[in-house]
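Worksheet for the structure shown next.
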Amino acid sequence: AVAMAEGEGLVSVDYEVSGKVQGVFFRKYTQREAKRLGLVGWVQNTSHGTVQGQIQGPSARVRELQEWLRKVGSPQSCISRADFSNEKEITALEHKEFQILK
């Protein structure tokens, strides 16, 4: 668990990434990046070819992962867009880790 910086609130945000993001280890890399940043949540492929999920953690770290989802992704992915929604402040994390859902 990452020590929370004083006065830095926790946030939760949903995301959906479009482009060439399935079959390119996008979920595995997203999980790895989230864990590196000390974030929790989940990621999964959708039936319409996108990747979606939820991120929770200190707002500055969540911003870092949002930027990663928008611009970086996995080495073979090609991101056309990343949409973020339902952003809200939370008092406690609702997930224990960052999981890849089937």
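The values are calculated or read from the model by the stated rules, or taken from the named source; none is laboratory data. A quick note: this is a predicted structure, and the numbers were derived from the prediction, not measured. Note that we place each Cβ from the backbone using ideal geometry, even for glycine, and neighbour counts take in every protein chain shown. Surface areas here come from the heavy atoms of the whole protein model, side chains and all, with no ligands, DNA or RNA. Shrake-Rupley method; radii C 1.70, N 1.55, O 1.52, S 1.80 Å.
Heavy atoms of the protein chains alone define the surface here; on that basis the chain has 58 Å² accessible area per residue at 1.4 Å probe size. Ellipticity at 222 nm from helices only: DSSP H runs of n ≥ 4 in the chain, each -39500 (n - 2.57), divided by the residue count, give -7500 deg cm²/dmol. Return the carbon/sulfur percentage of the accessible area of the chain, one whole number, probe 1.4 Å, all protein chains in place. The nonpolar share, carbon plus sulfur, comes to 48 percent. May I ask you to list the GluC sites (Glu not before Pro) in region 3-102 that are in a DSSP loop and have at most 10 other Cβ atoms within 10 Å of their Cβ? Here the sparse-neighbourhood loop sites are E6. Look at the alpha carbon pairs under 8 Å that are at least 6 residues apart: their mean separation over the length of the chain gives a relative contact order of 44 percent.
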